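Chemist: Mind having a look at this structure? Questions to follow.
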Amino acid sequence: CIDYGIYPNKKDIDKALELVNYNDIILNKSETSVMLRQKGQSIDLGGIAKGFAADKIATFLKNNNVNNALIDLGGNVFALGRNIDNSLWKVGIQNPFSNIRRRFIVIPIHYNLRRSFATIKTWFRQTI
């Protein structure tokens, strides 16, 4: 369920998706280097590290009988259970390029699913 927002068109999405392929990561152990096969590709290992950390924190919380939590690791958000008023967690994402300070999109997170998502560093999110 998305409250409002502007979506990229299908052509732009399809063009971007052509660059998504973990098999395009080339590791050179002898030179301790990483390359990508296609021009325009990029990789952000910070997101992987934050996602791993969020999973570990969520596991720790569950193992210590914490069933409801929102873990925010600066761009990576992990929702567990429900919020304090027993409603779904909602996270708002704001367009940093807009002069209007309003949420661009609102994402409700279903209570019985452990859900995680990330934003790029220029997009801001807020807990609602």
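The values are calculated or read from the model by the stated rules, or taken from the named source; none is laboratory data. Treat the numbers as computed from the prediction; the structure is a model and nothing was measured. FYI the Cβ positions are ideal-geometry reconstructions off the backbone, even for glycines, and counts take in every protein chain you see. Please note that ligands, DNA and RNA were not included when accessible areas were found on the heavy atoms of the full protein model with its side chains. Shrake-Rupley method; radii C 1.70, N 1.55, O 1.52, S 1.80 Å.
Chemist: How many residues does the stretch 59-90 contain that are part of a helix (DSSP H, G or I) and either surrounded by 17 or more Cβ atoms within 10 Å (Cβ to Cβ) or not β-branched (Val, Ile, Thr) (or both)? Spell out how you get there, then give the answer.
Modeler: Restricting attention to the stretch 59-90, the residues satisfying the condition of being part of a helix (DSSP H, G or I) are 59-63.
With either surrounded by 17 or more Cβ atoms within 10 Å (Cβ to Cβ) or not β-branched (Val, Ile, Thr) (or both) added as a condition, the list becomes 60-63.
Summing the residues that are part of a helix (DSSP H, G or I) and either surrounded by 17 or more Cβ atoms within 10 Å (Cβ to Cβ) or not β-branched (Val, Ile, Thr) (or both) in the stretch 59-90 gives 4.
Chemist: Right, here's the next one. Can you tell me which residue among Leu19, Leu61, Leu36 is over 17 Å from the mean Cα position of the chain (by Cα), within 25 Å of Val91 (Cβ to Cβ) and aliphatic (A, V, I, L, M)? Outline the logic, then answer.
Modeler: Values: Leu19 fails: within 25 Å of Val91 (Cβ to Cβ); Leu36 fails: within 25 Å of Val91 (Cβ to Cβ).
It is Leu61.
Chemist: Determine the pairs where a residue that is within 19 Å of Ala79 (Cβ to Cβ), located within the stretch 35-60, has a partner that is assigned to a loop (DSSP other than H, G, I, E, B) and open to solvent by less than 100 Å² (accessible area, probe 1.4 Å) with Cβ atoms under 8 Å apart, the partner being 6 or more residues away or on another chain.
Modeler: From the stretch 35-60, the pairs are Gly47/Gly75; Lys50/Leu73; Lys50/Gly74; Lys50/Gly75; Ala53/Leu73; Ala54/Leu73.
Chemist: Same structure again: Among the residues of the stretch 85-92, is any closer than 25 Å to Pro108 by Cβ, among the basic types (Lys, Arg) and touching a residue at least 40 places away in the same chain (Cβ under 8 Å)? Reasoning before the result, please.
Modeler: Initial filter on the stretch 85-92 (closer than 25 Å to Pro108 by Cβ): 85-92.
Next, only the ones that are among the basic types (Lys, Arg) stay: 90.
Now drop any that are not touching a residue at least 40 places away in the same chain (Cβ under 8 Å), which leaves none.
Taking every residue of the stretch 85-92 in turn, none turns out to be closer than 25 Å to Pro108 by Cβ, among the basic types (Lys, Arg) and touching a residue at least 40 places away in the same chain (Cβ under 8 Å).
Chemist: Among residues belonging to the stretch 18-41 that are part of a helix (DSSP H, G or I) and open to solvent by 60 Å² or more (accessible area, probe 1.4 Å), point out the one that is modelled with the highest pLDDT.
Modeler: Per the criteria, the residue is Asn23.
Chemist: Within the bounds of the stretch 42-51, is there any residue that is polar (S, T, N, Q), modelled with pLDDT under 90, open to solvent by 100 Å² or more (accessible area, probe 1.4 Å) and in a loop (DSSP other than H, G, I, E, B)? Break it down into steps so the answer makes sense when it comes.
Modeler: Filtering the stretch 42-51 for residues polar (S, T, N, Q) gives 42.
Add one more test, that the residue is modelled with pLDDT under 90, and what stays is 42.
Those left that are additionally open to solvent by 100 Å² or more (accessible area, probe 1.4 Å): 42.
Now drop any that are not in a loop (DSSP other than H, G, I, E, B), which leaves 42.
Scanning the stretch 42-51 turns up at least one residue that is polar (S, T, N, Q), modelled with pLDDT under 90, open to solvent by 100 Å² or more (accessible area, probe 1.4 Å) and in a loop (DSSP other than H, G, I, E, B).
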